[in-house]
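Report on one structure; see the data block that follows.
Throughout, read-outs are computed from the coordinates displayed, never taken from laboratory work. As the structure is a prediction and not an experimental result, all values here were calculated from the model. Counting neighbours? That spans all protein chains shown, and the Cβs are built from the backbone with ideal geometry, glycine included.
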Amino acid sequence: MLEIFFKNPIQGHAGNVFTTCRSCYKVLVPHLVIRSQFDDVKSLANMIEKDWKQVLADCFPKILVNILPYFACQSHGKSEVAEQRDTASKVYDMLKDENCLGKQVSVSNG
């Protein structure tokens with residue numbers, strides 16, 4: 001999705017794309033993450049010349065704000081809420097994976 005925008009900026013406006021992405025990535029990334037579009041997160045991070053894991057770490061509070069409500073909702077059986085909770089769970093598991101944010105996300109018990 002974002003690759004088209006990044007690879008083909010309007011002629012003469014590449015700096016504007018960079019500036020825009022750099023200034024609003026903390027808004028864009030949580031929405032990409034909840035949709036499991038990690039390749040787009042990596043493209044965005046590359047565009048703004050940051051490590052994609054650092055971008056995730058920078059956005060982690062907003063990512064949590066987006067997924068926490070799904071854990072609080074109660075549902076029974078197959079429903080949109082159950083699907084959203086499943087997605088939120090997968091996103092959280094991906095974030096706490098060692099190859100992503102790993103121990104930065106894990107909560108210590110002691």
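With a cut-off of at least 1 residues that are free of Cβ contacts under 8 Å to residues at least 40 places away in the same chain and over 27 Å from THR19 (Cβ atoms), name the helices (runs of 4 or more DSSP H) lying wholly within segment 29-98.
Details: elements: 38-47, 52-72, 80-96.
Answer list for segment 29-98: 52-72, 80-96.
Given the condition of a type in the set (A, V, I, L, M) and surrounded by fewer than 17 Cβ atoms within 10 Å (Cβ to Cβ), answer yes or no: does some residue in segment 77-89 qualify? Spell out how you get there, then give the answer.
Step one: filter segment 77-89 for residues of a type in the set (A, V, I, L, M), giving 81-82, 88.
With the extra rule that they be surrounded by fewer than 17 Cβ atoms within 10 Å (Cβ to Cβ), the set shrinks to 81-82.
Looking for residues that are of a type in the set (A, V, I, L, M) and surrounded by fewer than 17 Cβ atoms within 10 Å (Cβ to Cβ), one finds at least one in segment 77-89, hence yes.
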